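To start, the structure itself, in structure tokens.
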Amino acid sequence: MITPVKQINRFFLLATGPLFGLLIALLISGPRIEWNSQPGDITPEADIFQTTGAISAGLTQAQTNAETTISSIQKTAELYRKTTSAMSTIVKTAKTSAGMPATIYNKRITAKLGTPYEAIQSDRIRIELYKVNPGTYRGYAMKVKLKAPDAMKMTLGKDMLGGSETTKQAVQRYGAVAGINAGGFADSRGKRYPLSTTIVGGKYVNGFEATYKDLFFVGLGKSGKLIGGKFERKEDLDRLEPVFGASFVPILLQDGRKTTIPEKWQSSPLRAPRTVIGNYKDDQLIILVIDGRDENGSSGATLEELQIKLQKMGVQDAYNLDGGGSSSLVVNSRVVNSPSDGALRPVPTHFLFFK
């Protein structure tokens with residue numbers, strides 16, 4: 001009799017038998033599978049240490065190149081700085097050297113005038129006042145450096161043809177820092193008209209009149225330089241681009257040389273209060289205003305004396321403006337000279353200076 005346990009074992013044996021048979025058949029007839037349990041060596045594409053070394057060497061070279069470049073830039077910058085500094089020094093020296101002749105020349109002409117007792121300075125003008133007293137006459141000299149052309153202008157009395165006013169009135173009305181009387185005049189029907197060719201603001205006030213006898217024209221050109229002389233044709237005067245100017249008699253100096261004073265003006269009057277305007281080689285202006293008691297010829301200066309004085313001062317061109325009771329010098333609204341009329345005379349034209 002077969003026990004239940006044996007029956008179970010027999011059942012599992014019969015059930016698993018075919019599976020074991022299949023496995024044995026596969027082992028006998030299938031391809032041989034070999035399993036290598038030893039791992040093979042893995043060879044990297046590049047040696048990590050060699051690569052790191054190459055990178056490090058490259059960085060070192062780059063640093064060296066950068067340091068060399070920086071050093072080169074620093075040297076170039078230092079060279080540029082030194083070159084710029086040297087050029088600045090050269091330019092400064094050149095400017096100083098260029099200015100030296102002007103400075104020396106100014107000291108030379110100033111030395112002949114003495115020590116200024118009053119000065120006015122701005123970025124547009126420089127004015128220095130001196131006393132003139134050679135013994136035979138006395139008066140004042142005003143040296144003017146125009147730094148801007150519009151620092152000087154000429155005005156008509158009350159801004160109209162035929163009008164007249166004192167230099168002080170003109171100075172105060174225009175707000176000028178200084179002023180002198182300008183050209184001659186002629187009275188007619190209660191009005192005072194400027195003599196001959198007169199220009200104000202670049203325009204002819206009463207037309208152009210060809211120079212006749214001893215008359216001259218003197219004024220300022222567009223460049224800010226004194227212009228003057230005798231002009232037969234309007235075109236000749238226009239060529240100098242006059243901004244303003246007036247007429248009177250006679251010319252005293254031309255190109256540093258004394259002119260021949262017409263006989264009439266040598267004694268009519270012999271001595272008198274005078275107003276003279278001139279210029280130096282550096283275009284500075286010089287103005288002389290000479291005092292006198294009256295116009296009878298007993299006081300003041302002769303034209304020849306002023307010629308000699310101006311020539312010794314190194315003046316290039318000089319023109320005698322209206323004198324006698326017309327002579328006036330006003331600075332800072334103060335009448336500097338002693339008018340021979342006892343008071344300032346109203347005149348039709350004035351040269352004014354602006355600070």
Taking a cut-off of 17 Å between Cα atoms, list the lysines near residue 230, but don't count ones fewer than 8 places away on the same chain. 213, 258
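So how do 257, 189, 274 rank on accessible area, 1.4 Å probe, biggest first, that is with the largest at the start? Walk me through the numbers before you get to the answer.
Numbers: 257 150, 189 235, 274 20 Å².
Most to least solvent-accessible, the answer reads 189, 257, 274.
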With x for Gly and Pro, the residue-by-residue ³J(HN,Hα) of region 215-225, computed from phi through the Karplus equation 6.51 cos²θ - 1.76 cosθ + 1.60 at θ = phi - 60° and given in whole Hz, is 5, 9, 10, 9, x, 10, x, 4, 6, x, 10
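Given that compact globular proteins tend to follow 2.2 N^0.38 Å, what is the ratio of the alpha-carbon Rg of region 211-355 to that value? Write out the running numbers ahead of the final one.
On the way: Rg = 14.9 Å, N = 145, 2.2 N^0.38 = 14.6 Å.
This ratio for region 211-355 stands at 1.02.
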Whole-number value, in Å³ per residue, for the convex hull of the alpha carbons of region 276-321 is 65
When all protein chains stay in place, what accessible area (Å², nearest 10, 1.4 Å probe) is found for residue 298? 60
Which of the lysines could a cross-linker span from residue 191 if the Cα-Cα distance has to be under 16 Å and same-chain partners fewer than 8 positions apart are dropped? 158
Name the aspartates and glutamates eligible as straight-distance cross-link partners of residue 107: C-alpha to C-alpha under 19 Å, and not fewer than 8 places from it in the same chain. 118, 128, 282, 283
Tabulate in residue order the Karplus-calculated ³J(HN,Hα) for region 291-307, using 6.51 cos²θ - 1.76 cosθ + 1.60 with θ = phi - 60°, rounded to whole Hz; enter x for Gly and Pro. 7, x, 6, 6, 10, 8, x, 9, 9, x, 10, 7, 5, 5, 4, 5, 4
For region 118-226, place one equal point scatterer on every Cα, skip the solvent, and apply the Debye formula. What is log10 of I(q)/I(0) at q = 0.15, 0.24 Å⁻¹? -0.82, -1.40
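The values are calculated or read from the model by the stated rules, or taken from the named source; none is laboratory data. It should be emphasised that the depicted structure is a prediction, and the values quoted were computed from it without experimental measurement. Accessible surface areas use protein heavy atoms only, side chains included; no ligands, DNA or RNA. Shrake-Rupley method; radii C 1.70, N 1.55, O 1.52, S 1.80 Å.
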